[in-house]
Amino acid sequence: SPPRTTPLPEQKKIAQILSTWDQAITATERLLENSQQRKKGLMQQLLTGKKRLPGVEGEWEEVPLSKLVDYVKGYTYKSDEYSEIPTNTGFLTLKSLLRGGGYSKGGLKYLTTDIDDKFLVKEEDIVFAVTDITRDAEIVGAPLLVPDLGLQQVAISMDMVKLVVKQGVVPKFLYFALKRSPARNFMRSRASGSTVLHLDVKGSKKLRLPIPKDAREQEAISEVLTIADQEVEALSERLVWLKQEKKALMQQLLTGKRRVKVEANAA
């Protein structure tokens, strides 16, 4: 049978509804962009000591990474030792990393074997990638702050190292410092290879980072940047939701599966 023609008043009403969703999407995109710019500005100012938080006036120093952390290499696994099916041991691999740093929710795997405790990480530990398969080295040296994954234990793969912070170093501060472009560029310059990039692990420890001597200032800066991070994440999630809802609505309204009521005098 030929497709049903939607009456003109109903077409107009549908266009109106979808236009409202478009406006919400555009507004959220603008908010997200502003939020990202604000976060970038805060990172630039707060992680370099250019802008100080109220009530802090201690000294800053520029320190090589080797003085701030010790590296612990991840677990070298065989292909039959990990799985997509949940076990007691979560397994963080390169797929768990967002480009440029951060945790990617879809990338969690699971280990099916018992392993040594030295390969385990806990919430708020910091790890980074020592290999990379992205074209622009967007993952090598990129940090991940381990979230609460609600699992008995979590391990990391040999593609990562755990950064065991030394006394007086706040992991969250280090996480944000490693996400800044100077640190990212330094790590990129220390990676080589053709299809798989490998980080010069020893060379990566020469990265110099500005850091406040007082751990309380590191803590305060981390809190401000965490809030900025959460705002960006919330807006990103809202944008994804709005786009999905609009797509589903279009699917229903433009096929006649869902009808809209039009007042009799709307014609």
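Values in this text are rule-based calculations from the coordinates and carry no lab data. Bear in mind that the values here come from a model prediction, so they are computed numbers and not experimental data. As a convention, Cβ positions derive from the backbone with ideal geometry for all residues, glycine included, and neighbour counts pool all protein chains shown.
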> Computed FRET efficiency, Cβ-Cβ of ILE227 and TRP60, R0 30 Å: what is it to the nearest 0.05?
Replying inline: 0.85
> When the Cα centres of region 68-112 and region 157-189 are compared, how far apart do they sit, in Å?
Replying inline: 17
> Which loop GluC sites (Glu not before Pro) in region 56-97, with loop taken from DSSP, have no more than 14 other Cβ atoms within 10 angstrom of their Cβ?
Replying inline: GLU57, GLU59, GLU84
> What does the charge add up to near PRO147, with Lys and Arg as +1, Asp and Glu as -1, over the other residues with Cβ less than 11 Å from its Cβ?
Replying inline: -2
> Taking the simple approach of a point 7 Å from Cα along Cα-to-Cβ for both THR76 and LYS205, what is their distance in nm?
Replying inline: 2.0
>> If I stretch the segment between VAL240 and LYS118 completely, what's the gain in nm (0.36 nm per residue apart, minus their alpha carbon distance), one decimal?
In response: 40.1 nm
> So what are the ³J(HN,Hα) numbers for region 221-237, from phi and the Karplus equation (6.51, -1.76, 1.60; θ = phi - 60°), rounded to whole Hz, Gly and Pro as x?
Replying inline: 4, 4, 5, 4, 6, 5, 5, 4, 4, 5, 5, 4, 5, 4, 5, 4, 5
>> From Cα pairs below 8 angstrom and at least 6 apart in sequence, can you work out the relative contact order of the chain, rounded to a whole percent?
In response: 27
> With respect to the cross-link table entries LYS179/LYS246; LYS179/LYS213; LYS95/LYS206, which display a Cα-Cα separation exceeding 30 Å?
Replying inline: LYS179/LYS246
> Near the amide H of THR89, under 5 Å away, which other amide H atoms are found, from residues 5 or more places off or on another chain, if H is placed in the peptide plane?
Replying inline: LEU111
>> If I build a Gaussian network model for the chain, linking alpha-carbon pairs within less than 10 angstrom, which residue out of GLN252, GLN37, GLN167 has the largest mean-square fluctuation?
In response: GLN252
> Contour minus end-to-end for ARG38 and ASP148, with contour as 0.36 nm per residue of separation and end-to-end as the Cα-Cα distance?
Replying inline: 37.0 nm
> Of GLY107, LEU18, LEU46, whose Cα points farthest to the positive end of the dipole of the chain (charges on the beta-carbon: +1 Lys, Arg; -1 Asp, Glu; origin at the Cα centre)?
Replying inline: LEU18
> [x] 57, 22, 14; [y] 29, 23, 16; [z] 44, 26, 16: which one is semi-axes √(5λ) of the Cα gyration tensor in Å as calculated from this entry?
Replying inline: [z]
> Which residue fluctuates the most in the chain, going by a Gaussian network model with Cα springs under 10 Å, if the choices are LEU92, LEU18, LEU120?
Replying inline: LEU18
> Between TRP60 and residues 5 or more places away or on another chain, which pairs have amide H atoms under 5 Å apart, with H built 1.01 Å from N, and which residues are they?
Replying inline: LYS213
>> Just to check I understand the Karplus step: with θ = phi - 60° and J = 6.51 cos²θ - 1.76 cosθ + 1.60, what whole-Hz values come out for region 201-212, glycine and proline as x?
In response: 4, 5, x, 5, 6, 7, 4, 9, 10, x, 8, x
